[in-house]
Amino acid sequence: MEMLDLSIFIGYIAVLIIIGVRVSKKTTNFRGFTVAGRSLGFPQMTATIVATFYGATAVIGVAGFAYLVGLGAIWFVIPWYIGTLLVAIFLVKKISKFSKFTMPEAIGSMFDKRCRILSASLLIFYCLVPESIIAIGYLSHSMLGISTSLGMIIATFVIIIYTLLGGLRAVVSTDILQFFLMGTGLMILLVVGLGAVGGFGGIWQNIPPDFKSISGGLSIWDILVLSITIGTLPLVSAQLYQRFFSSSSWKISRRALFTAILCWIIFDFAIITTGLMARAQNPAGGEELADAALPDLGMGLLPVGVRGLFMVALFAAVMSTADSYLHVAASSFSNDIYRFFGKKGGEKRMLLVARGSIVMFGIFSLIIAFWLQTIVNAIVFLLTVWISGMLLPIILSYKFKLRAKTAFAGMLSGALASIFWKVISSYVAVPAYADPLFIGIGACLFGLIIADITWR
């Protein structure tokens, strides 16, 4: 690691902490901490939406996916565009009208307190960030030369500091910085990389033949599972809901979503292309090299100084997601669980609880990251549990009047069924089409129907 590259990285960390300290002066109450006083304008909304959803999975993961399956990586991103577009066209105005602090609070207003506490409990576990901390640890080891464990500890400390000090304002302010860092780093690598491999023609000639198909060797069932899992996530994304509650108007939120989709298309073009570049340089590469495809490509091709900027861009991608998820978890715990159990307090007390929750969930995520580094997929599976329980009750409630008991039964049935099926499939061979997501959504629908009939 050259001194110039290291200096750029240290400067980046220092700027994040300075932002947290400066913004903390404006964050004096719970409303400011959770929804930034409902004052976010178009530039802030666009940057924070783009940055929040482009973390370790969307940047390093998609590049690695392109390294493994070629053009088939588009099925990791196209469903996300479609789901976000549906939210922008049909749901953003309805969601914004709730004007709540958190998504579970909105769910409580749709149904009742039981649904609020259940959704908050699922959301908190879903928003823990061990996978992001592990990703930062690996990046720290491969790029900075420090131990993975030390990198994980430092990253957790930095994220906790600026998030607990400034709340959503700090998250959004750092997201703006990290939005530009991600874009700049990816575009520089794209240009330099194309020159190194002989342009798009050089990539096309050197990647395996099956990489040139839009299926990339994926089965129809694989594509269907990816499309449903990723495409439905924007419809029940607590991070999006909280951004809408923080916006100065629903029209700004809609414009920001449309603009974010355009930004994601540009970013994904660069990410998938660089993943293909890495494979073109190593046609015989195996699955074990996929996660390192993007970092290794940048560190190998870019000169000193520019390499430091690229390194910061990758860290920015991961940290911009981790801080948002921790913030949502802390907001939901303080607003939906602490208050639910009858704990009273003014704005300052709620602010203290929220900040304490940031520390608690950050440290808990770090502990999980140390403990479960080899089974991170079990943590990622919580996404399936969340969608299984939340998707149908929330979407149906916008069109039909669901009883609170009915909604609760559907949520609980979907979440428990997906967990149960995941456990069973770990010990017993099940058909490939029996994905826990489909089992969970099916159980949720069954629970909704039975509950509606029973309590009609």
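All of the numbers you see were taken from the coordinates with simple rules; none came from a lab. Everything quoted here is computed from the prediction, not taken from an experiment. In this analysis, Cβ positions are derived from the backbone assuming ideal geometry, glycine residues included, and neighbour counts consider all displayed protein chains.
Which order do the peptides 413-424, 306-317, 5-16 come out in when sorted by mean C-beta neighbours inside 10 angstrom, highest first? Display every interim value, and only then the final one.
Working: 413-424: 20.4, 306-317: 24.8, 5-16: 16.7.
Result, highest mean first: 306-317, 413-424, 5-16.
The orientation-averaged projected area of the convex hull spanned by the Cα atoms of segment 3-374 comes to 17.6 nm².
Could you order peptides 178-190, 235-247 by the average number of other Cβ atoms within 10 Å of their residues, highest first? Let's see the in-between values first.
Values: 178-190: 21.5, 235-247: 25.2.
The peptides rank, most packed first, as 235-247, 178-190.
Between the C-alpha center of segment 394-448 and that of segment 164-187 there is a gap of 35 Å.
Sorted by packing (mean other beta-carbon atoms within 10 Å per residue), highest first, where do 437-447, 284-294 land? Don't jump to the answer; show the numbers that get you there.
Details: 437-447: 21.6, 284-294: 16.0.
With the highest mean Cβ count within 10 Å placed first, the list reads 437-447, 284-294.
Think of each Lys and Arg Cβ as +1 and each Asp and Glu Cβ as -1; about the Cα centre, that makes the dipole of segment 12-124 roughly 580 debye.
Per residue of the chain, what 222 nm ellipticity follows from adding -39500 (n - 2.57) for every DSSP H run with n ≥ 4, rounded to the nearest 500? Spell out each step's value before the answer.
On the way: 21 runs with 330 residues, N = 456.
Estimated from H runs of four or more residues: -24000 deg cm²/dmol.
At 37 °C and 0.692 mPa s, grab the translational diffusion coefficient of segment 163-233 from Stokes-Einstein with a Kirkwood Rh over Cα pairs, rounded to a whole number in µm² per second. Answer from the Stokes-Einstein relation: 204 µm²/s. Dipole size of the chain about its Cα centre, with +1 on Lys/Arg Cβ and -1 on Asp/Glu Cβ: approximately 2560 debye, rounded to the nearest 20.
Mean sequence separation of contacting Cα pairs (under 8 Å, at least six apart), scaled by the length of the chain, corresponds to a relative contact order of 31 percent. Over segment 381-456, Cα pairs under 8 Å with separation of 6+ residues give a relative contact order of 44 percent.
With a length cut of 24 Å (Cα positions projected on each helix's long axis) and a Kyte-Doolittle mean of at least -0.5, go through the chain and give me the DSSP H helices that pass. Intermediate values should be presented prior to the final figure.
Values: long enough: 3-24 (31 Å, 2.08); 148-197 (44 Å, 1.87); 250-281 (46 Å, 0.96); 306-332 (39 Å, 1.17); 347-371 (36 Å, 1.36); 404-427 (35 Å, 0.94); 436-454 (26 Å, 2.03).
Taking the DSSP H segments of the chain (at least 24 Å long, mean hydropathy at least -0.5), we get 3-24, 148-197, 250-281, 306-332, 347-371, 404-427, 436-454.
Note on segment 268-346 and segment 68-129: Cα centroid distance 20 Å, given to the nearest whole angstrom.
Would you mind classifying segment 1-120 by shape? Square roots of the alpha carbon gyration tensor eigenvalues, ordered a ≥ b ≥ c; an a/c under 1.5 is rounded, otherwise it is prolate if a/b is larger than b/c and oblate if not. Kindly include the intermediate steps, with their values, before the conclusion.
Working: a/c = 2.30, a/b = 1.18, b/c = 1.96.
Because a/c hits 1.5 or more and a/b fails to exceed b/c, segment 1-120 counts as oblate.
Using Cβ point charges alone (K and R +1, D and E -1), the dipole size of segment 381-456 about the Cα centre works out to roughly 320 debye.
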